[in-house]
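Each remark here refers to the structure printed beneath this line.
The values are calculated or read from the model by the stated rules, or taken from the named source; none is laboratory data. Just so it is clear, the structure is predicted and the values come from calculations on it, not from any experiment. Cβ: placed from backbone, ideal geometry, glycine included. Neighbour counts: every protein chain shown. For accessibility, only protein heavy atoms count, side chains too; no ligands or nucleic acids. Shrake-Rupley method; radii C 1.70, N 1.55, O 1.52, S 1.80 Å.
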Amino acid sequence: MSADPDASETPVDPVVRRRGVLLLAGISGTVLALDLITKIAAVATLEGEEPITVIDGFFYLTLLRNPGAAWSMATGYTWVLTLVAVVVVGVIIRIARRLASTGWAVGLGLVLGGALGNLIDRFFRSPGPMRGHVVDMLAAFSPDGSIFPVFNIADSGIVCGGILLVLMALRGIEIDGTRG
């Protein structure tokens, strides 16, 4: 039995892998940058203000500092959410060396960028490291999040990336581009 669990896997063409890793990095970097920019803008313009109606009954801009997950679930477990995000980032970085599927690169890039965006809040925002509250500002259907949770770009990246990864798995497409 080999000591390296990845030794039995089919090697991925280095050029294809490099393209996949660059795509993953580009998408995650874009999601992270958009997330940071929108959070900075939201704090600067929405702090202490009433929600802004963009499309009445459908879309609002509001500022919420969320200690938990969607709908503020698990608010007492912010440190657990932080650790889960750290593990997700580590796993994505580890499996990137086998990446040869464009779909997986896009999905993992969206999830990685979103996880990093929310991790930055968890580490650097009040009330402190591993307990920081995530800045949310996008509200659908109601400005207070009572119908659908208030979210941010990072959350959108995580959800859209997760959906894409599930679709790739359901289609039988492996991370290395082969069909399972």
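Looking only at region 133-141, decide whether some residue is touching a Phe, Trp or Tyr at 6+ places or on another chain (Cβ under 8 Å), hydrophobic (A, V, I, L, M, F, W, C), open to solvent by 40 Å² or more (accessible area, probe 1.4 Å) and under 13 Å from P67 (Cα atoms). There is no residue in region 133-141 that is touching a Phe, Trp or Tyr at 6+ places or on another chain (Cβ under 8 Å), hydrophobic (A, V, I, L, M, F, W, C), open to solvent by 40 Å² or more (accessible area, probe 1.4 Å) and under 13 Å from P67 (Cα atoms). In this structure, R98 does not satisfy being charged (D, E, K, R) and farther than 30 Å from I175 by Cα. Scanning region 122-175 for residues that are closer than 18 Å to T38 by Cα, aliphatic (A, V, I, L, M) and in a loop (DSSP other than H, G, I, E, B) turns up just one, V150.
Among the residues of region 65-73, is there at least one that is touching a helix residue (DSSP H, G or I) at 6+ places or on another chain (Cβ under 8 Å), over 19 Å from S156 (Cα atoms), open to solvent by 20 Å² or more (accessible area, probe 1.4 Å) and in a loop (DSSP other than H, G, I, E, B)?
In the first step, residues of region 65-73 are kept if they are touching a helix residue (DSSP H, G or I) at 6+ places or on another chain (Cβ under 8 Å); the result is 66-70.
If we keep only those that are over 19 Å from S156 (Cα atoms) too, we end up with none.
The answer is no, given that none of the residues of region 65-73 is touching a helix residue (DSSP H, G or I) at 6+ places or on another chain (Cβ under 8 Å), over 19 Å from S156 (Cα atoms), open to solvent by 20 Å² or more (accessible area, probe 1.4 Å) and in a loop (DSSP other than H, G, I, E, B).
Taking into account only those residues within region 87-106 that are touching a strand residue (DSSP E or B) at 6+ places or on another chain (Cβ under 8 Å) and in a helix (DSSP H, G or I), which is most open to solvent (accessible area, probe 1.4 Å)?
Restricting attention to region 87-106, the residues satisfying the condition of being touching a strand residue (DSSP E or B) at 6+ places or on another chain (Cβ under 8 Å) are 101, 103-104.
The next check asks that each one be in a helix (DSSP H, G or I); those that pass are 103-104.
Working: G103: 17, W104: 44 Å².
Among residues in region 87-106 that are touching a strand residue (DSSP E or B) at 6+ places or on another chain (Cβ under 8 Å) and in a helix (DSSP H, G or I), the one most open to solvent (accessible area, probe 1.4 Å) is W104.
When each of G157, G145, G132, G172 is tested for being of a type outside the set (F, W, Y) and without any contact (Cβ under 8 Å) to a residue 24 or more places away in the chain, the lone residue that passes is G172.
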